[in-house]
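Input: a single structure, listed below in structure tokens.
The values are calculated or read from the model by the stated rules, or taken from the named source; none is laboratory data. All figures in this text were calculated on a predicted structure; none of them were measured in a lab. So basically every Cβ, Gly included, is an ideal-geometry build from the backbone, and we count neighbours across all protein chains shown. With ligands, DNA and RNA removed, areas are computed over all heavy atoms of the protein, side chains included. Shrake-Rupley method; radii C 1.70, N 1.55, O 1.52, S 1.80 Å.
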Amino acid sequence: MDATIKVTSIHIIFGLIAALISSALTAGWLGFKNDVFAFFVAVIILYFVGQFSQRLVGDEISGFSQWLWDGILPFFFTWVIAYTLFVMYLG
């Protein structure tokens, strides 16, 4: 499989997971409500997913621009859309 497809797929999957965790924090499923903490949880997950992807594909993807389009933006868009839907329909 191509490195771009691997990185994008991994970031989309973890974007959905981060959205579910962030929604749980926003809706108060864990005992407290905190929207800011929910955002920072998503950023922390994005960092660790990026580190995992870097180890997985190595030097096949280089440069910030390629990481931005293949990893960060798919994660962010997936997180925003799924987070909004989860908060609206599950919260």
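Kindly provide the set of residues from the stretch 1-35 that are farther than 17 Å from residue 78 by Cα, open to solvent by 90 Å² or more (accessible area, probe 1.4 Å) and out of contact with any Ser or Thr (no Cβ under 7 Å at 6 or more places or on another chain), ordered by number.
1, 29, 30, 32
Which residues, taken from the stretch 51-65, are assigned to a helix (DSSP H, G or I) and in contact (Cβ under 8 Å) with a residue 24 or more places away in the chain?
Once the filter is applied, which keeps residues that are assigned to a helix (DSSP H, G or I) and in contact (Cβ under 8 Å) with a residue 24 or more places away in the chain, the stretch 51-65 yields 52, 53, 56, 57, 60.
Considering the stretch 19-40 alone, what residues qualify as being in contact with an Asp or Glu (Cβ under 9 Å, 6 or more places away or on another chain) and of a type in the set (S, T, N, Q)?
Passing the criteria: 22, 26.
Just give me the residues in the stretch 53-66 being surrounded by fewer than 18 Cβ atoms within 10 Å (Cβ to Cβ) and either of a type outside the set (A, V, I, L, M, F, W, C) or modelled with pLDDT of 95 or more (or both), in sequence order.
Scanning the stretch 53-66 gives 54, 55, 58, 59, 60, 62, 63, 65, 66.
Let me spell it out: the conditions are (1) surrounded by fewer than 14 Cβ atoms within 10 Å (Cβ to Cβ); (2) out of contact with any Ser or Thr (no Cβ under 7 Å at 6 or more places or on another chain), and residue 72 meets all of them except one. Which number is the exception?
Tallying (1) surrounded by fewer than 14 Cβ atoms within 10 Å (Cβ to Cβ); (2) out of contact with any Ser or Thr (no Cβ under 7 Å at 6 or more places or on another chain), residue 72 fails exactly one: (1).
In contact (Cβ under 8 Å) with a residue 24 or more places away in the chain and open to solvent by 80 Å² or more (accessible area, probe 1.4 Å): does that describe residue 77?
So residue 77 passes the test.
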